[in-house]
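Undergrad: Before anything else, here's the structure in question.
Nothing in this text is a laboratory measurement; each read-out follows from the coordinates by a stated rule. Just so we're clear, the structure is a prediction, and the values are computed from it rather than from any experiment. Cβ sites come from the backbone with ideal geometry, for glycine too, and all protein chains shown count toward neighbours.
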Amino acid sequence: MTDSCRSSACACHGNPRFDGMDPRYKRVLWTVIATNGIMFLIEMAAGQMAGSQALQADALDFLGDTLTYGISLAVIGKSLQVRSSAALLKGMSLLLMGLWVFGSTLYHVLVLGLPRAEIMGGIAVLALATNLASVLLLLRYKDGDANVRSVWLCSRNDAIGNVAVMIAALGVWGSASAWPDLMVAGIMACVFLTSSTQILRQAWQERREAALAAHHV
């Protein structure tokens with residue numbers, strides 16, 4: 001048997017996909033939760049200091065991930081109905097964050113102020129390093145079930161978002177305009193809203209499946 005088949009995070013020879021029931025995976029999740037929570041506080045403060053909507057949107061992304069990973073950890077091994085209820089909570093939180101970022105961005109379009117590109121770029125680099133560390137920690141679990149895989153995908157996508165903030169910082173510095181920052185914030189708001197729609201749709205479907213299963217018992 002190969003080393004990859006011995007791993008608890010691997011599904012080999014028809015075995016069920018990894019569902020998170022592993023103490024090592026839970027320790028990794030706790031580490032990722034802690035680092036995301038710390039980065040939310042750092043990035044939100046830096047976003048206020050720099051006057052950057054993109055940084056504040058990315059900070060909310062860290063907060064959303066902290067809550068999402070905590071929920072994912074809490075529902076490991078639970079019933080489908082419990083997991084679908086947790087997914088509904090995740091979807092609603094993403095929806096609220098997306099609406100806040102979108103509304104705040106529209107407000108700043110009307111009251112343009114030039115963000116501080118050097119703070120944006122520096123914090124974006126720190127955020128990227130944090131998310132890359134999370135990606136590496138979660139890499140061996142990326143092929144687990146939906147609950148497990150969503151955690152890895154969130155960290156991977158966040159790293160891409162950090163690169164977008166760095167590009168926005170370069171755009172602000174090069175153009176002496178707030179528009180690159182606002183454009184990235186608007187894109188991130190759309191990502192929040194799209195992800196929320198997908199999660200809520202799947203969660204409602206899973207709740208119906210759980211209700212039907214309970215009815216036939």
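Undergrad: Excluding residues on the same chain fewer than 8 positions from residue 142, give the lysines whose Cα lies under 16 Å from its Cα.
TA: Leaving aside lysines fewer than 8 places away in the same chain, those within reach of residue 142 are 26.
Undergrad: OK, next. Just report the Cα centroid separation between segment 165-207 and segment 36-52, whole Å.
TA: 16 Å
Undergrad: Here's something else I'd like to know. Along each principal axis of its Cα atoms, how long is segment 134-217 end to end? Whole angstroms, biggest number first, please.
TA: Its Cα atoms span 65, 28, 10 Å along the three principal axes.
Undergrad: Put a dot 7 Å past each Cα toward the Cβ at residue 41 and residue 215; how far apart are the dots in nm?
TA: Here the modelled spin labels are 4.8 nm apart.
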